Amino acid sequence: MNELLRKYEEEKQRLNELGQKSLEKGIPLAQNEAVQAQSRKVDELIVRFHRGRAGRGQRLR
C-alpha cells in the first residue's frame, strides 16, 4: 500500500507540472492530451488505492 501511495504522489506531482506548463502556454487543460492522460493515470491509482482499502476492510470483518 505504501508503494501505491508513493506512486500516486509521484504521478500527482507530474500532473501538476504538466498542468502548470499547459496553463503557462495558454493551452486549456481539457484540450491538452498529455494532461488528460496523466489525469487518467492518477485517477486509476486512486481507484486502486480505494479498492485495496475496501478489500482489507472486508477481510477484517
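The label point for GLN13 and the one for LYS41, both projected 7 Å from the Cα toward the Cβ, are 1.4 nm apart.
Of the trypsin sites (Lys or Arg not before Pro) found in region 1-37, the ones in coil according to DSSP and having at most 15 other Cβ atoms within 10 Å of their Cβ are LYS25. Here HIS50 and LYS25 are evaluated by their C-beta separation; at R0 = 35 Å the FRET efficiency comes out at 0.60. With the convex hull drawn over the C-alpha atoms of region 2-60, the volume per residue is 61 Å³. In degrees between 0 and 90, to the nearest 10, how far off the longest principal axis of the chain does helix 2-24 point, with axes built from Cα atoms? Tilt relative to the chain: about 20 degrees.
Values quoted throughout were computed directly from the atomic coordinates according to the rules given, and no laboratory measurement underlies them. This structure is a prediction, so every number in the text was calculated from the model and none was measured. Note: ideal-geometry Cβ built from the backbone for every residue, glycine included; neighbour counts use all protein chains shown.
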